[in-house]
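Each reported figure results from applying straightforward, stated rules to the coordinates on display, with no laboratory input. Just so we're clear, the structure is a prediction, and the values are computed from it rather than from any experiment. Cβ: placed from backbone, ideal geometry, glycine included. Neighbour counts: every protein chain shown.
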Amino acid sequence: MTLHVRRVGADAAADVHAVVGAAFAARPVLDPPADALSETVSSVRADLGSHGGLLATLDGQPVGALLFGPRGDVMMLRRFGVVPAAQGHGVASALVDAAVGSTLGYRWLAVLAREELPATSAFWQRHGFQVVEAASPYLELRRELESSWEIADADGMRALGERLGRSTRAGDVVVLTGELGAGKTTLTQGIGRGLGVRGDVTSPTFVIARVHPSLVAGPDLVHVDAYRLGGIAELDDLDLDTSLEEAVTVVEWGAGLVEALTDHRLEVTISRAMADALGDQELDPRVVRVRRVSA
Ligand SMILES: Nc1ncnc2c1ncn2[C@@H]1O[C@H](COP(=O)(O)OP(=O)(O)O)[C@@H](O)[C@H]1O
Ligand SMILES: [Mg+2]
């Protein structure tokens, strides 16, 4: 059997709604009832449109789902469920792994579990979540996410970029900080791969900004080199062939410039891990820190 988890938007509303309905209907009757049961296709479509979600399929059949609900630096996992017929195939664990892999920059993953369902809380605890609050009938459980990585080489940098690309949504602005040669463009190559956009990502130094259109009906990538940009206001004047609200904008050297562009952004800093050491010349690891900032 082939298990696959993918990030989905509004167009997956019918599948996600069907999965959530089947999963929650199979649970014991609770008082008050689980509000997931009052979701409609259109309420799910609205949530998916704003924040996205995940859909798990087993041999092509939708079997598991969740909705993302960002709250500052906390990413809530909502409407998490697996249909009864697909229990025991690792679908729920695969959804958790995919959630971790597509929320880079958030500090926490969080879920609400019903206190009457201890098996549910036990599942989350096995996956690294801990109870942080009890507000009957709910328990809030959280898992702290990694926020920095040591990256051995350029391929590792692209792999991290790919995860970062999968963690971004239309309208996100990613600010890259690090000295010349730190790996900002290399990371952006991975972001482009994670987003599924056209064209090789190269240093945009001589063009200021380059648009890479999406090949997967997702957001375009706008790759900006702010080094020579007088101010980010000039970005509007460039008359790019895409709107920044519908694209993911990655700005090299953007710190101090892009803050005016958005009240929520991803700040990425790259530094040499062995700056002061006489390291092996072949090995030049970097430390990458990722942080989501909301005003
Ligand atoms: N651990 C590493 N991570 C990223 N790049 C690395 C690493 N080790 C060596 N490199 C090399 O460093 C260079 C980084 O260049 P680039 O991404 O253009 O930097 P920037 O855009 O920050 O100026 C590339 O030639 C890459 O192959
Ligand atoms: Mg560069």
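Each label point is 7 Å from the Cα along the Cα-to-Cβ direction; what then is the distance between the points at V41 and A18, in nm?
For the pair V41/A18, the computed spacing is 1.0 nm.
Quick one: Debye curve from the alpha-carbon atoms of the chain only, equal weights, vacuum; give me log10 I(q)/I(0) at q = 0.15 Å⁻¹ to two decimals.
The calculated log intensity ratios at q = 0.15 Å⁻¹ are -1.15.
Within region 163-188, name every residue whose backbone N is under 13 Å away from a label modeled 7 Å from Cα of S243 along the Cβ vector.
Once the point is set 7 Å along Cα→Cβ of S243, 171 turn out to lie under 13 Å by backbone N, inside region 163-188.
Evaluated at 20 °C with a viscosity of 1.002 mPa s, what Stokes-Einstein diffusion coefficient in µm²/s does region 65-170 have when Rh comes from the Kirkwood expression over alpha-carbon pairs?
Rounded, D is 144 µm²/s.
Ratio of alpha-carbon Rg to the 2.2 N^0.38 Å globular estimate for region 104-152, to two decimals, please.
Cα Rg divided by the expected 2.2 N^0.38 Å: 1.34.
D97 to A154: extension gain in nm, 0.36 nm per residue of separation minus the Cα-Cα distance?
18.1 nm
Using a Förster radius of 22 Å, what is the FRET efficiency between R198 and H4 based on their Cβ-Cβ separation? Nearest 0.05, please.
Step by step, r from the Cβ atoms, then E = 0.40.
Using helices alone, what [θ] at 222 nm do you get for the chain, with -39,500 (n - 2.57) per DSSP H run of 4 or more residues, divided over all residues and rounded to the nearest 500?
-7500 deg cm²/dmol
How far apart, in nm, are the 7 Å Cα→Cβ label points at Q130 and L117?
About 2.4 nm separates the two model spin labels.
With 10 Å bins from zero, work out the P(r) of region 3-144 over every alpha carbon pair and list the percent per bin.
With a bin width of 10 Å, the distribution comes to 12, 45, 39, 4.
At a Förster distance of 30 Å, what's the computed FRET efficiency of H51 paired with L283, Cβ-Cβ distance as r, to 0.05?
0.15
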